[in-house]
Amino acid sequence: MTILKPYPRLSLPSSKLLARNVSPLRGASQRRNNSSEAVEAPPAGGHLPSIATSQILRTKRESALRTSGLVWADEDSIAPSRTIVGGRETRKMNTYQAIRDAMGIAMAKDETAVVFGEDVAFGGVFRCTMGLAEEFGKERVFNTPLTEQGIAGFGIGLAVMGHTAIAEIQFADYIYPAFDQIVNEAAKIRYRSGGSFNCGALTIRTPTMAVGHGGLYHSQSPEGFFMGASGLKIVIPRSPIQAKGLLLSSIRDPNPVIFMEPKILYRSAVEQVPADDYELPLGKAETLISGSDVTVLTWGTPVYHCETAIHMFNNPPSSIQSAVPTSLRSAKVELIDLRSILPWDVEAVVESVNRTGRLVIVHEAGMTAGVGAEIAAEVQKRCFLKLNAPVRRVTGWDVPVALQYEKFHIPDSIRILDALVETLTY
Amino acid sequence: MSSLARLRIARRLPTALRAHVRGVQTTADTTELHNKPEDLSQPITLKLHEDSFSTHLCEKPSLEVQITAQELMTMYKQMQTMRRMEMAADALYKAKLIRGFCHLAIGQEAVSVGLEHGIEKNDRVITAYRCHPFAVMRGGTIKGVLGELLGRQAGMSNGKGGSMHIFTPTFFGGNGIVGAQVPIGAGVAFAQKYRAEKHCTFALYGDGASNQGQVFEAFNMAKLWDLPCVFVCENNKYGMGTSAERSSSNTSYFTRGDKIPGLQVNGMDIIAAKRAVEYARNWTVEQGNGPLLLEFVTYRYGGHSMSDPGTTYRTREEVQRMRSTQDPIRGLQRYIEEWGLATEQELKQLDKDAKAEVDQAVAEVKESPEPLIKDLWSDIYFKGTEPPFMRGREREEIHYY
C-alpha cells in the first residue's frame with residue numbers, strides 16, 4: 001500500500017499543486033522520515049466519522065423531510081408536487097425497517113403486489129419482510145423453494161400477467177443461477193416482443209456487498225455483471241431514507257429492477273425516515289459533499305468509508321499525518337453517491353469531473369470489468385481534456401472474497417485516502 | 001474405455017426395451033369410426049386406439065371422442081396451412097431472405113393444432129423456439145409470423161425479434177433459451193390461480209429441455225402450490241442432434257414430474273392430441289388437481305434448425321418411414337375420406353386454399369419495410385424512463401431519448 005510512503009511536506013499553494021505535472025512523489029522514497037512518536041490509542045468511540053456518526057445520515061426530522069429529490073407519492077397525481085413538509089411525520093428506522101415499510105406501503109396500495117422468496121414469510125434472513133405475511137396474508141407473502149432460477153422465472157411469469165412481483169433472492173451471491181432468467185428474459189422480453197409483453201412490474205431485491213465475515217458466498221457485489229443488460233435497472237441505496245424511496249420507485253418503475261441492499265447497512269444505518277409514501281428518482285446520482293478539486297464516486301456501503309477518508313484527508317490523525325501533504329489538506333473533495341448503476345447518471349458524473357478534473361471511483365467488486373471500468377472509460381472519453389489525473393479506481397481485489405481477509409479485501413478508508421492523495425499529486 | 005461403454009450400453013438396452021413394450025403407438029390413422037349420424041352437422045363418435053395413451057399416477061382418458069365433421073375439416077385445413085407456412089419459411093430461408101435462426105415444426109402439426117382444439121381462448125400458452133404454428137393458432141397471423149422471420153415491420157414483434165420471438169395476448173412467446181419458458185409458465189399459472197380465473201397455462205418444452213434444472217424447479221413449485229399448469233413435453237425424439245435415449249436416463253418424460261401425474265399421448269394422431277388436451281384442461285381447471293405432465297410423442301421431419309440437415313444422427317430411411325406411415329396430416333386425410341366426411345376433391349381444394357393463403361402472406365411480407373432505425377432503441381425501457389442516451393451501431397452514433 002503506497003500510503004505508507006510518506007510524502008514530503010510541500011508548501012505550495014493548493015491551486016498550484018492541483019495543476020498538472022506537479023509530482024511531489026519524485027524522490028520521496030529517498031527521504032523517508034518515519035514518525036518516531038509512538039502511535040497513540042484513539043479516543044473512545046474514535047475520532048473519525050463512521051456509519052454510527054455519519055453526517056450523511058439524516059437523523060433529524062427536519063433534514064429527513066428535506067431529502068433532495070423526494071417526491072411524495074400520496075398526493076393527488078395531477079396536483080403540482082409540493083415540498084411543504086408541515087404535518088409530515090418521520091420515524092427512526094434502520095435500513096431493513098425502511099425496506100419493510102416500503103413493501104408494506106406498496107402492498108397496501110397495490111392489490112396485485114406479492115412478495116416471495118426463500119423464507120420471506122418468516123421475515124427473511126435479514127428481517128426485511130417481518131410481519132408482512134401476518135399483515136397481508138400468506139397468499140401475498142409466501143416462501144418459495146430454494147430455487148433461484150425458478151424464482152426469477154416465476155416472477156417474470158407473474159409480472160407479464162400484470163402482477164407486481166417483488167421477489168427476494170436471499171443473497172446477491174445466489175443470483176447467479178437466475179442470471180439467465182434475468183438477463184435473457186426479464187431484460188429482453190419487452191424488446192423481443194416488440195413491446196407487446198413486459199415484466200416491468202418485477203423487482204428483485206437482494207442483499208449485497210461485504211458484511212465483514214461473509215466470505216466467498218455471502219459478501220460479493222455482483223452489480224457489474226448485470227450492467228450490460230439493457231432493459232434492466234440496477235439500484236443500490238445507501239441509507240434507510242434512500243432505501244425506502246428508491247425501493248418504492250423501483251417497485252413502481254415500469255421496467256424490471258434489481259434492487260441490491262448493502263447488507264451491513266441493514267442495522268447499522270439509522271435515520272429518521274418519512275412515514276408517508278414517497279419516491280426517489282431512479283437513474284439519478286446524488287452529490288453528498290460538494291467540492292471542487294476531486295470527485296469521489298461510489299455507491300452502497302463504501303459511501304461511509306469515503307466519508308471517513310475525506311475527513312481523514314482534510315484532518316489527518318497524527319498517525320498518518322506524514323502521508324497527507326499539508327498543502328493538500330485544504331483541497332475540496334466532492335462525494336457522489338451513484339445510487340443507480342443502470343442506467344447510471346452520466347451527466348452528473350461528467351459535470352462534476354469537468355469541474356474537478358479528477359475522479360476516484362470506489363466499489364467493493366473487483367476491479368477487472370467492474371462498474372468502475374465502464375464509468376472510467378466513458379469519463380475519459382467525455383472529460384479527456386479536463387482531466388488532471390488518470391481516473392483512479394479503488395476496488396476489491398480480483399480474487400474471491402476470502403473469509404479470513406475480508407476486511408483487507410474491501411476498499412477501506414485508508415485505501416481511499418491513499419487514492420485521493422495519489423490522484424491529487426499526480 | 002470405449003469398449004466398456006459399449007458393453008454397458010449393450011447390457012442396458014434390453015431393460016430399456018422391456019420398459020417400452022407397451023408405450024404409446026404413434027400411428028396417425030388407427031382411430032375408428034363408431035357412429036356416424038345421418039346429419040353431418042351432428043357430432044360423430046370415434047374410438048381412439050387403446051394404445052393412444054400411457055399414464056402415470058392418473059386414470060386414462062376415455063377413448064371415445066365426440067367431434068363434428070366440420071371440426072375435423074378445420075383441423076385438416078389448419079394443419080395443412082401450418083405445414084405450408086413452415087415450408088414457405090424453409091424456402092425463404094434458403095433464398096437468404098430469412099437470416100439467423102429458424103426452427104421448423106414440420107411433422108409436429110398435430111400438437112399445435114390439436115392443442116388449440118382442446119383449450120379455451122383465455123388459456124395461456126408459452127413454448128420454446130419451435131413456435132411458429134402456436135403463434136398463428138393463438139391469434140396471430142401467417143403474415144405476422146413470416147414478417148417476423150424476415151425481420152420486417154409486418155412481423156408480430158415489429159421485426160425486432162425474429163424466429164422464436166413472437167407473441168399474442170394469450171401466447172407468451174417462443175423462447176430461445178432451452179427450458180427458460182417453463183418456470184415463466186409456472187408464474188403465469190400462479191397469476192391465474194391468484195385471480196381465481198377458470199383457466200390454465202400450457203408450458204411446452206422439448207425432450208431436450210426436459211433435462212434442464214429449471215424445468216424441475218418449475219415442476220416442484222407447481223406441485224407445491226397446486227398451480228393450474230400443464231407441462232407439455234413435445235417429445236420429437238431428438239434434442240438437437242442427440243436422441244432421447246442418448247440424453248435422458250428416463251425417456252418416459254410423462255413420468256418425470258415425481259408426484260405430478262403424467263399422460264403420454266400419441267402426438268401424431270390429432271384426435272388423440274385433442275382428447276389429451278381436453279383431459280389435461282379438465283384435470284387442472286375443472287377438477288382443480290394441480291399440474292399435469294403431458295408428453296406428446298411426435299416427430300420432426302426436418303433438422304433441428306436450418307443449419308442441420310437432420311440426417312447425420314438418424315437415417316434417411318427412418319425419416320422416410322415416419323413421413324410415409326405416420327404423418328398426422330395424411331392420417332387425418334384418410335379418416336375424412338374413409339368415413340365419407342368429404343371427398344378427395346374437397347380436401348384438394350383445402351390444400352389449394354392453404355397454399356394460396358401462405359403465398360399471399362409471403363408476397364405481402366416481402367413488400368413490408370424493414371424496421372425503422374429509431375426502433376433500434378425503442379422498447380428497451382418503458383417510454384419516458386430510459387437512460388438519457390444509448391450507444392448506436394458505430395462510434396459516433398448515439399441516440400438521445
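Within chain A, all pairs of alpha-carbon atoms sorted by distance into 10 Å bins from zero give the percentages 5, 21, 30, 25, 13, 5, 1, 0.
Amide H to amide H, with H built 1.01 Å from N, residue A:202 comes under 5 Å of A:165, A:257, counting only residues 5 or more places away or on other chains. Can you compute the helix-only [θ] at 222 nm over chain B? Use -39500 (n - 2.57) per DSSP H run of at least 4 residues, normalise by all residues, nearest 500 deg cm²/dmol. Here the helix-only value at 222 nm equals -12500 deg cm²/dmol. For residue B:59, the accessible area of its heavy atoms, probed at 1.4 Å with every protein chain present, is near 140 square angstrom. Sparsely packed loop sites in segment B:338-395 (the trypsin sites (Lys or Arg not before Pro) outside DSSP H, G, I, E and B with at most 11 other Cβ atoms within 10 Å) comprise B:383, B:393, B:395. Using the alpha-carbon positions of segment A:231-321, Rg (one decimal) and Dmax (whole number) come out as 15.5, 52 Å. Scaled against the 2.2 N^0.38 Å expected of a compact globular protein of N residues, the Cα radius of gyration of chain B reads 1.02. Considering only B:261, B:369, B:183, the mean-square fluctuation computed in a Gaussian network model of chain B, springs between alpha carbons under 10 angstrom, is largest for B:369. Close amide H pairs (under 5 Å, H built 1.01 Å from N) link residue B:168 with B:173, residues at least 5 positions away or on another chain. Counting other Cβ atoms within 10 Å, which GluC sites (Glu not before Pro) in segment A:125-218 have at most 12 and lie in a DSSP loop? The qualifying sites are A:139.
Calculated translational diffusion coefficient of segment A:184-335 (25 °C, 0.890 mPa s; Stokes-Einstein with Kirkwood radius over alpha-carbon pairs) equals 138 µm²/s.
On the basis of the beta-carbon distance and an R0 of 60 Å, residue A:377 and residue B:38 show a calculated FRET efficiency of 0.15. What is the distance, in nm, between label points placed 7 Å from the Cα along the Cα-to-Cβ direction at residue A:138 and at residue B:355? Going by the 7 Å Cα→Cβ label model, 6.3 nm. Considering only the Cα atoms of segment A:67-279, their convex hull presents on average a projected area of 11.9 nm². Set against the 2.2 N^0.38 Å expectation for a compact globular protein, segment A:268-327 has a Cα radius of gyration ratio of 1.51. Convex hull of alpha carbon positions in segment B:129-271: directionally averaged projected area 9.3 nm².
Axis angle, to the nearest 10 degrees, between helix A:302-314 and the longest C-alpha principal axis of chain A: 20 degrees. Annotation note: trypsin sites (Lys or Arg not before Pro) in segment A:98-174 located in DSSP loop regions with a Cβ neighbour count of at most 12 within 10 Å are A:138. A Förster radius of 45 Å, combined with the Cβ-Cβ distance separating residue B:91 from residue A:399, puts the computed FRET efficiency at roughly 0.25.
Compactness check for segment A:244-285: Cα Rg over 2.2 N^0.38 Å is 1.26. The alpha carbons of the protein assembly as shown stretch over 108, 66, 56 Å along the principal axes, in descending order. Listed values for segment A:221-237 are Karplus-derived 3J(HN,Hα) couplings in whole Hz (6.51 cos²θ - 1.76 cosθ + 1.60, θ = phi - 60°), namely 10, x, 4, x, 5, 9, 5, x, 8, 4, x, 9, 10, 10, 10, 9, x, and x replaces Gly and Pro. Solvent-accessible area of residue B:249, all protein chains in place: 110 Å² (probe radius 1.4 Å, heavy atoms, ligands and nucleic acids excluded).
The alpha carbon convex hull volume per residue for segment A:164-233 rounds to 77 Å³.
The values are calculated or read from the model by the stated rules, or taken from the named source; none is laboratory data. Owing to the predicted nature of the structure, the values given are computational and were not obtained by experimental measurement. Heads up, the Cβs are rebuilt from the backbone with ideal geometry, glycines too, and the neighbour counts pull from every protein chain shown. Calculation scope for accessible area: heavy atoms of the full protein, side chains included, ligands and nucleic acids excluded. Shrake-Rupley method; radii C 1.70, N 1.55, O 1.52, S 1.80 Å.
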